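Here is the structure we will look at, set down as structure tokens.
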Amino acid sequence: MPKIIAIHSFRGGTGKSNTTANLACLLARQGRRVGVVDTDIQSPGIHVLFNLDPKDTPHTLNDFLWGKCDIGRAVYDVSRVLGPEEREKLFLIPSSIRTGDIARVLHYGYDINLLKEGYRKAIEQFALDYLFIDTHPGLNEETLMSIAIADILLILLRPDQQDYQGTAVTVEVSRQLEVPRMFLIVNKVPAALPGDALAAKVTAAYACDVAGVLPHADEMMALGSSGLFCLTHPDAVLSRILEDILRRITA
Amino acid sequence: MNPGAKKILLAGLAFAAVYGLLNNLSNIFLLPSAPIISLRPQIALPMAVGILVHPLAGFITGLAGNVIGDAISGFGAFKFWNWHIANGLMGFIPGLAVYRYIHRIDTVRAFGLLQGGIVLACAAGVGAAVVLDVLFIHLLTFPASFPSWILPAFLTDAVNGFILVPVILLLARRIRLTLETRTILMITGLLVVSILATAGAITWAVLDDLVSHSAMVENFYIAAVVSVLLLVAGFIAAIVFVRKVTDPLAGLARAAQAVEQGDYDLPGLAGVSARTDELGRLARIFEQMAGKVRERERTLQRQVDELKIIIDREKQAQDVSEIVETEYFRTLKDKARKFRER
Ligand SMILES: Nc1ncnc2c1ncn2[C@@H]1O[C@H](COP(=O)(O)OP(=O)(O)OP(=O)(O)O)[C@@H](O)[C@H]1O
Ligand SMILES: [Mg+2]
């Protein structure tokens, strides 16, 4: 059964896009066929991590949502990030970065059934094992849709008082949406903090499993979304924890 | 390593055959200066077997080997049976010391015990032979036999074992090369070479001046006894010296291991840090370092303890209800439920 994995966080800048891209990349390297959808219509960004130039993407999620094209035409093979010879392993459905396109979707909205149907078709057409959904932060109509569609929901938060309250609301709303499986991921944790102790505290506070505690990594900062950390630093602690997270959520 | 009885017996007998042949050889080539004693480097064999295989295998090698040696040398297989027992003990005791008390030879202490065990084995073996002679055989006469038989037997076996057993154990890799064993081996080696060379040179130099055979023998004994005394004194001094240097290092290593396992109380280091030399300085710096690590660890622990995830439950409930009570949310939930059921 193909699985849809949504990554969400209440606040912005928690590392959703980077975490999504790295998890997708690690899964693809394990031989799975993996798709990524950028549903952050307001501020798309994950295409940068996959080295996909918007000039080369004539069709986007936006075009599909307002019926201008089939979902299949908005799917791009980005397997090249895994290696120059790689094909048909990793796919991206980007959002348009043109302000007109953005405004239009935001204004008219879209229907969850249409989106779900699009995902179903894309999964079928490209024989995907996993489809990752990168989202806009916060709880708006679009992000609620992504949460509602997900088989597995990953909620990111930083060890920061500003993230705690909103995360509590997100967890509760997601529960009411009856998401089958939900995990928390703590990101940007000071490397010196013991991850186990932190995970225990978070688990207790939200009554929700913690899939992993990701340390803040200067190398990740330095990369500045210009590449995939798990490829440039395969042996770093962060990469190993990302692999643990995958094991846990796909178990 | 715990070989079975059969293996012990077989190894003991096989090495006994070798030991017997070597004994026969050395009985043919007696020392020119002292016709009664023979220089017996092969005594290292039962000792090494006792250490490397099993104490009992060493005992068998010594005992049966001596029977074989005496038999083919024409002394009669069991005439000097007290010396068979002596040889058995010399094979048994060093192995016993290593088996029971040392296990791994990787410290000065272990090496000292090994060498002590060898000397003790020779003393015990010769002592047993003497006692058995006095009780049953009545071949020795006192005090005449003391310098002509008892002392040479003890000295030659002790010196040969002392020098050769470590060499065999080194070749067999039973002595692990650590800072401690390297140092003590080097000093012991230097000691042995210099003392033997000096004693040999003196004996050689005065050889021509000696008029009578008895004077020559007497001279030889004096040289031998002095050499052995020097060797013993030098070895003890070397052990004390090496331990003075390596004990603090071992203490530092243990302290580092303790810190690695999160134990920052280093009572074992107090003695070292009180020293005024380089090692003392190293220990003091180490203590300061451990203190800082402990401090940092405590701060971190405090940070985790203080890390409170404060959630305003009332506000949470309010925010949640604002979302879930909208028409949009209800429809969304219905739709989601429907396609999940499919
Ligand atoms: N573990 C980490 N260590 C250091 N820097 C990180 C880590 N995770 C993410 N970052 C950095 O944080 C920044 C934001 O990351 P990212 O764009 O993935 O977050 P986002 O949640 O997708 O943001 P947005 O809400 O704007 O979409 C990036 O510069 C990224 O390099
Ligand atoms: Mg993003």
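The values are calculated or read from the model by the stated rules, or taken from the named source; none is laboratory data. Here the structure is a predicted model, which is why all the values come from computation and not from measurement. All Cβ positions, glycine included, derive from the backbone under ideal geometry; neighbour counts span all protein chains shown.
A few notes on this one:
- Scope segment B:302-316; condition surrounded by fewer than 13 Cβ atoms within 10 Å (Cβ to Cβ) and facing chain A (nearest Cβ under 9 Å); matching residues: B:305, B:308, B:310, B:312, B:313, B:315
- Some residue of segment A:50-63 being β-branched (Val, Ile, Thr), more than 9 Å from ligand 2 (Cβ to nearest atom), touching a Pro at 6+ places or on another chain (Cβ under 6 Å) and over 26 Å from residue B:342 (Cβ atoms): yes
- Scope segment B:285-335; condition closer than 30 Å to residue B:265 by Cβ and either among the aliphatic types (A, V, I, L, M) or modelled with pLDDT of 95 or more (or both); matching residues: B:285, B:289, B:290, B:293, B:300, B:304, B:307
- Within segment A:122-138, the set of residues being away from ligand 2 (no atom under 14 Å from the Cβ) and not polar (S, T, N, Q) comprises A:122, A:123, A:124, A:126, A:127, A:128, A:129, A:130, A:131.
- Scan of segment A:118-144 for residues that are more than 16 Å from ligand 1 (Cβ to nearest atom), away from chain B (no Cβ under 14 Å) and of a type in the set (D, E, K, R), ordered by number: A:124, A:129
- Taking segment B:81-192 as the region of interest, the helices (runs of 4 or more DSSP H) fully inside it that hold 1 or more residues being within 15 Å of residue B:242 (Cβ to Cβ) are B:108-132, B:151-171.
- Residues of segment B:53-80 classified as of a type in the set (A, V, I, L, M, F, W, C), more than 27 Å from the chain's Cα centre (by Cα) and not in a loop (DSSP other than H, G, I, E, B), total: 4
- Among the residues listed as A:198, A:223, A:228, A:214, the single one being within 16 Å of ligand 2 (Cβ to nearest atom), out of contact with any Asp or Glu (no Cβ under 8 Å at 6 or more places or on another chain), without any contact (Cβ under 8 Å) to a residue 60 or more places away in the chain and on the phi < 0 side of the Ramachandran plot: A:223
- Test: residue B:63 is under 30 Å from residue B:251 (Cα atoms), crowded, with 23+ Cβ neighbours inside 10 Å and touching a Pro at 6+ places or on another chain (Cβ under 9 Å): no
- Applying the criterion of being among the polar types (S, T, N, Q) and surrounded by 19 or more Cβ atoms within 10 Å (Cβ to Cβ) to the residues of segment A:172-205, the residue that is nearest to the chain's Cα centre (by Cα) is A:187.
- Counting only strands (runs of 3 or more DSSP E) that fall entirely inside segment A:133-221 and contain at least 1 residues that are acidic (Asp, Glu), no element qualifies.
- Yes/no for residue A:123 being at pLDDT 95 or above, buried (at least 22 other Cβ atoms within 10 Å of the Cβ) and farther than 30 Å from residue B:310 by Cβ: no
- Every residue from segment B:327-342 that is within 8 Å of chain A (Cβ to nearest Cβ) and not in a helix (DSSP H, G or I): none
- Residue satisfying all of: in segment A:78-126; of a type outside the set (A, V, I, L, M, F, W, C) and under 15 Å from residue A:46 (Cβ atoms); farthest from the chain's Cα centre (by Cα) among these: A:96
- Per-region count, segment B:111-144, residues within 29 Å of residue B:178 (Cβ to Cβ) and free of Cβ contacts under 8 Å to residues at least 12 places away in the same chain: 0
- Residue B:269 being more than 9 Å from every other protein chain (Cβ to nearest Cβ) and surrounded by 11 or more Cβ atoms within 10 Å (Cβ to Cβ): yes
- Here residue B:324 fulfils each of the conditions (1) farther than 30 Å from residue B:178 by Cβ; (2) more than 9 Å from chain A (Cβ to nearest Cβ) apart from (2).
- When each of A:172, A:141 is tested for being more than 16 Å from ligand 2 (Cβ to nearest atom) and within 30 Å of residue A:201 (Cα to Cα), the lone residue that passes is A:172.
- When B:319, B:247 are checked against the criterion of being among the charged types (D, E, K, R) and either within 14 Å of chain A (Cβ to nearest Cβ) or not in a helix (DSSP H, G or I) (or both), a single residue qualifies: B:319.
- Residues of segment B:269-303 satisfying the condition of being within 15 Å of residue B:254 (Cα to Cα) and either in a loop (DSSP other than H, G, I, E, B) or touching a His at 6+ places or on another chain (Cβ under 8 Å) (or both): none
- The single condition among (1) crowded, with 22+ Cβ neighbours inside 10 Å; (2) away from chain B (no Cβ under 12 Å) that residue A:209 does not satisfy is (1).
- Selection from segment A:221-247 of residues that are more than 18 Å from the chain's Cα centre (by Cα) and among the acidic types (Asp, Glu): A:235
- Segment A:212-223 - residue that is within 9 Å of ligand 1 (Cβ to nearest atom) and surrounded by 13 or more Cβ atoms within 10 Å (Cβ to Cβ) and, of those, nearest to residue B:301 (Cα to Cα): A:215
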